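What follows is a single structure, written as structure tokens, with notes after it.
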Amino acid sequence: MAQAMSPEKFRHAMEDRIKGREHSSYPTVRAIHEGRATPEQNAYLGVLFYHFTKETPQVISTIHSRRPDPAGCTRSACPK
């Protein structure tokens, strides 16, 4: 089994893994931010956002529930 990383090393590893794939680098997101997106682009991003947020809370809740440090949890993620 692999050795657990320190929180700092884990954060850097995750940042390196997503580098270049940040949400803000997508052309549609940039177009919306700059005010030049078409209604179709806005609608497409809305559909993607809906499908993403439909599943994300369960994934995030699972991650938060397994945190060893309750001080780092938010009130909703780690209720007392």
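Quick note: the coordinates plus some simple rules give every number you see, no bench work behind them. Every value quoted in this text rests on a predicted model; they were computed, and no experiment measured them. As a convention, Cβ positions derive from the backbone with ideal geometry for all residues, glycine included, and neighbour counts pool all protein chains shown.
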In Hz, Karplus ³J(HN,Hα) per residue of region 37-43 (6.51, -1.76, 1.60; θ = phi - 60°; x = Gly, Pro): 7, 7, x, 5, 5, 4, 5
Packing-based exposure ordering (other Cβ within 10 Å, fewest first) of 50, 44: 50, 44
